[in-house]
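See below for the structure under consideration.
The values are calculated or read from the model by the stated rules, or taken from the named source; none is laboratory data. Everything numeric here is computed off the predicted structure, so don't read it as measured data. Heads up, the Cβs are rebuilt from the backbone with ideal geometry, glycines too, and the neighbour counts pull from every protein chain shown. Each accessible area value is taken on the protein alone, full model and side chains, heavy atoms only, with ligands, DNA and RNA left out. Shrake-Rupley method; radii C 1.70, N 1.55, O 1.52, S 1.80 Å.
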Amino acid sequence: MKMHHTLTENRIMDAAQEDDNTGFCVACGADAYSVEPDARKYECEECGERAVYGAEELVLSITG
Ligand SMILES: [Zn+2]
């Protein structure tokens with residue numbers, strides 16, 4: 001998966017540990033809220049791309 005450069009491992013890990021339904025848009029790097037941890041390809045409110053993933057889902061993708 002191609003990640004926006006602002007989506008660092010620390011940022012994703014922190015969000016996953018907070019466990020507060022935060023997700024990120026991999027296209028523009030925006031935070032997304034009320035996103036299920038395992039969300040995939042939700043529409044981004046910032047850029048309109050279907051590129052929002054839940055924090056847990058992104059952890060899986062960066063840790064393999
Ligand atoms: Zn976006």
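List of remarks:
- Looking across the range 33-54, the residues that are more than 8 Å from the ligand (Cβ to nearest atom), open to solvent by less than 100 Å² (accessible area, probe 1.4 Å) and not in a loop (DSSP other than H, G, I, E, B) come down to 42, 53, 54.
- Restricting attention to the range 1-55, the residues that are modelled with pLDDT under 95 and of a type in the set (Gly, Ala, Ser) add up to 0.
- Among the residues making up the range 4-32, a single one is open to solvent by 50 Å² or more (accessible area, probe 1.4 Å), touching a Ser or Thr at 6+ places or on another chain (Cβ under 8 Å) and not polar (S, T, N, Q): 31.
- Flag if residue 21 is of a type outside the set (Phe, Trp, Tyr), more than 13 Å from the ligand (Cβ to nearest atom) and assigned to a loop (DSSP other than H, G, I, E, B): yes
- All conditions in (1) in contact with a Gly (Cβ under 9 Å, 6 or more places away or on another chain); (2) free of Cβ contacts under 8 Å to residues at least 12 places away in the same chain hold for residue 50, with the sole exception of (1).
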